[in-house]
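Trainee: Following this message is one structure expressed as structure tokens.
The values are calculated or read from the model by the stated rules, or taken from the named source; none is laboratory data. This is a predicted model, so every value here is computed, not measured. Every residue, glycine as well, gets a Cβ built from its backbone with ideal geometry; the counts of neighbours run over all protein chains shown. Heavy atoms of the whole protein, side chains included, go into the accessibility calculation; ligands, DNA and RNA do not. Shrake-Rupley method; radii C 1.70, N 1.55, O 1.52, S 1.80 Å.
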Amino acid sequence: MTPLSLDPLAARRFMRRALLLDKPAPDIGTALAHHGYIQIDPINVTGRMHDLILRNRVSGYREGGLMRHLHGDDAPLPAARRTAFEHHLPSAGTLVAFTLDAWPHLQATMRANQHRTSSWSGRFSPRQKELVPHLLAEIAARGPLCSEDFADTGRSRSFWGASTQAKTTLQKLFSHGRLLIARRGEGNRRYYDLPERVLPAAILRSPEPKKRESARWEALLKLRQRRLVLLKRAELSSVTDLVQSVRVEGCPLLHCLRSDLPILETCHTERSEEATLLPLLLAPLDPLIYDRRVTSALWGFDYTWEVYVPPAKRKRGYYALPVLAGSEIVGHVDPKADRAAGRLRVMSRRIRRGHKITDALGRLARWLGLRR
């Protein structure tokens, strides 16, 4: 495969356009189908991760929109009407919103989880084995339930620290594919139900793909998610017929989807509408900046999400949002939603001279229903 040569400016323009940042999708379903998945994270400092990702990609997006799309408003969506669901990326264990076609490709990982050593998603402890029939029977009889619906079942150690045995067991049943998240309650609490009451019957009956087919699906998912990516040798071999290699000065060899080449063609011209583009506050795990190596080489921006970095070692702040202005990332702002006071507060900022983010912060505040 002969690589296409692309200058860095055109490559950055391509990422903006291919990632729906120049022209947002008309609805959540379209954005989700385009990207393959949207990463979910419960931390809510200035809006949750998935909402911050989608507010820049879906016209008129409202806070909490992804969860309403997945599960409905007041009552859980019936299985026949579901178009997406929550589960983990097979290779990373990251919780995401998937389109329904992902379900068959998750089966091998779910099966393997039952035999892994993991306090969070692996095999059951003796006490958890005792709980499984009771939890499944209660959910079958009563409908979606959360860990708080079960009487004291004792304490356990999980991936995130101390937890109840019921909560850990429900999480493992979810990781094994025996339960699914049917809705979200107050405080983002998970309510679990049986798979046949969450997903359409036709999806549950789908045959399990062969290993090479799922490897191809997963590599394609990476390309759909980020559009201009580094591919490992095994990933490239599974999608060679679908990709185009791209050589950008100062970057490792990158790849994009051949179906995105028409977008790429629009990025070569020197004429640009970037001056009319509003500055965007990117989510900390936005697809544009997710791969730190690509972000550093292509955008000249070394970025680390510092939620899990000790306070004394943070450079930008607990929940800093990178600022995208045209074809440049020009700094960051670390806002915090003070819901009690009804205000959006700025904890820190560092913006390149000549760029202003007052309007961007105002838009974020209004989206959150706060005053700047």
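Trainee: Kindly evaluate PRO76 against the criterion of being under 14 Å from PRO195 (Cα atoms), assigned to a helix (DSSP H, G or I) and touching a Pro at 6+ places or on another chain (Cβ under 8 Å). If you could, list the steps in order and put the result at the bottom.
Mentor: Details: under 14 Å from PRO195 (Cα atoms): yes; assigned to a helix (DSSP H, G or I): no; touching a Pro at 6+ places or on another chain (Cβ under 8 Å): yes.
Considered against the rule, which asks whether it is under 14 Å from PRO195 (Cα atoms), assigned to a helix (DSSP H, G or I) and touching a Pro at 6+ places or on another chain (Cβ under 8 Å), PRO76 comes out as no.
Trainee: Turning to a different aspect of this structure: Which residue is modelled with the lowest pLDDT, if the candidates are limited to segment 264-282 and must be farther than 16 Å from VAL330 by Cβ and buried (at least 18 other Cβ atoms within 10 Å of the Cβ)?
Mentor: Going through the qualifying residues, I end up with CYS267.
Trainee: Might you check whether a residue that is open to solvent by 20 Å² or more (accessible area, probe 1.4 Å), farther than 28 Å from ALA112 by Cβ, among the polar types (S, T, N, Q) and in a helix (DSSP H, G or I) occurs anywhere in segment 23-34?
Mentor: Yes, segment 23-34 has at least one match.
Trainee: Here is a list of conditions, (1) in contact with a helix residue (DSSP H, G or I) (Cβ under 9 Å, 6 or more places away or on another chain); (2) surrounded by 17 or more Cβ atoms within 10 Å (Cβ to Cβ); (3) not β-branched (Val, Ile, Thr), and MET49 meets all of them except one; can you say which number that is?
Mentor: Failing condition for MET49: (1).
Trainee: How many residues does segment 130-144 hold that are surrounded by 11 or more Cβ atoms within 10 Å (Cβ to Cβ), more than 15 Å from THR164 (Cα to Cα) and of a type in the set (A, V, I, L, M, F, W, C)?
Mentor: Summing the residues that are surrounded by 11 or more Cβ atoms within 10 Å (Cβ to Cβ), more than 15 Å from THR164 (Cα to Cα) and of a type in the set (A, V, I, L, M, F, W, C) in segment 130-144 gives 3.
Trainee: Quick check on my filter: what residues within segment 56-82 are closer than 30 Å to ALA340 by Cα, open to solvent by 50 Å² or more (accessible area, probe 1.4 Å) and of a type in the set (Lys, Arg)?
Mentor: Answer for segment 56-82, where residues must be closer than 30 Å to ALA340 by Cα, open to solvent by 50 Å² or more (accessible area, probe 1.4 Å) and of a type in the set (Lys, Arg): ARG62, ARG68.
Trainee: Here are some conditions: (1) at pLDDT below 95; (2) over 27 Å from GLU63 (Cβ atoms); (3) open to solvent by 10 Å² or more (accessible area, probe 1.4 Å). LEU261 meets all but one. Which one does it not meet?
Mentor: If we test LEU261 against (1) at pLDDT below 95; (2) over 27 Å from GLU63 (Cβ atoms); (3) open to solvent by 10 Å² or more (accessible area, probe 1.4 Å), just (1) comes out false.
Trainee: How many of the residues in segment 98-134 are closer than 23 Å to GLU213 by Cβ and not small (Gly, Ala, Ser)?
Mentor: Adding up the residues that qualify gives 16.
Trainee: A further question on this structure: Any idea which residue in segment 174-192 is nearest to PHE150 (Cα to Cα), counting only those that are part of a loop (DSSP other than H, G, I, E, B), open to solvent by less than 40 Å² (accessible area, probe 1.4 Å) and in contact (Cβ under 8 Å) with a residue 40 or more places away in the chain?
Mentor: Residue satisfying both the conditions and the ranking: LEU179.
Trainee: Return the residues of segment 83-106 that are open to solvent by less than 10 Å² (accessible area, probe 1.4 Å) and outside any strand (DSSP E or B); say none if nothing qualifies. Working first, answer last.
Mentor: Within segment 83-106, the subset open to solvent by less than 10 Å² (accessible area, probe 1.4 Å) is 84-87, 96-98, 102, 106.
Answer for segment 83-106, where residues must be open to solvent by less than 10 Å² (accessible area, probe 1.4 Å) and outside any strand (DSSP E or B): ALA102, LEU106.
Trainee: I'm trying to understand the selection: among the residues of segment 307-327, which are within 18 Å of the chain's Cα centre (by Cα) and farther than 17 Å from GLY47 by Cβ?
Mentor: TYR308
Trainee: Name the residues in segment 35-73 that are assigned to a helix (DSSP H, G or I), under 13 Å from the mean Cα position of the chain (by Cα) and more than 21 Å from PRO279 (Cβ to Cβ), would you?
Mentor: Scanning segment 35-73 gives HIS35, HIS50, LEU66, MET67.
Trainee: Here is a list of conditions, (1) in contact with a strand residue (DSSP E or B) (Cβ under 9 Å, 6 or more places away or on another chain); (2) open to solvent by less than 60 Å² (accessible area, probe 1.4 Å); (3) under 30 Å from ALA11 (Cα atoms), and PRO252 meets all of them except one; can you say which number that is?
Mentor: (1)
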